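Each value in this text was obtained by applying a stated rule to the coordinates, not by laboratory testing. Note that the structure is a prediction, hence the values are computed from the model and not measured. Positions of Cβ are backbone-derived with ideal geometry, glycine not excepted, and every protein chain shown enters the neighbour counts.
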Amino acid sequence: MSIVVNLDVMMAKRKMSLNELSEKVDLTLSNLSILKTGKAKAVRFSTLEAICKALNCQPGDILEFVQ
């Protein structure tokens, strides 16, 4: 069981680069990359909210629970 981060999928759907998203949500490229690759241990709701606003999506579009 794990949480899968589909941030790269949503970024591709919205045709948004990591650099562009980084600027919009005010996160460093390295922190955003850690989240995108699924290596993050936690994510703040404020960060998740900013990403959802920038990508015009729901949290469930980014995070997925896989059994």
Worksheet item: So which of LYS13/LYS36; LYS15/LYS36; LYS15/LYS41; LYS15/LYS53 end up more than 19 Å apart by C-alpha?
Response: LYS15/LYS41
Item to complete: Quick one: dipole size for the chain, taken about the Cα centre, charges +1 on Lys/Arg Cβ and -1 on Asp/Glu Cβ, in debye to the nearest 20.
Response: 60
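Kindly state, to the nearest 0.05, the FRET efficiency for GLU20 paired with PHE65, given R0 = 30 Å and r defined as their beta-carbon distance.
In this case the efficiency is close to 0.60.
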Worksheet item: What is the set of long-range amide H partners of LEU63 at a cut-off below 5 Å, with H atoms built 1.01 Å from backbone N?
Response: ASN6
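Under the rule a/c < 1.5 gives rounded, and otherwise a/b versus b/c splits prolate from oblate, where does the chain land using the Cα gyration tensor? The partial results should precede the final answer.
Numbers: a/c = 1.57, a/b = 1.34, b/c = 1.17.
Prolate, since a/c reaches 1.5 and a/b exceeds b/c.
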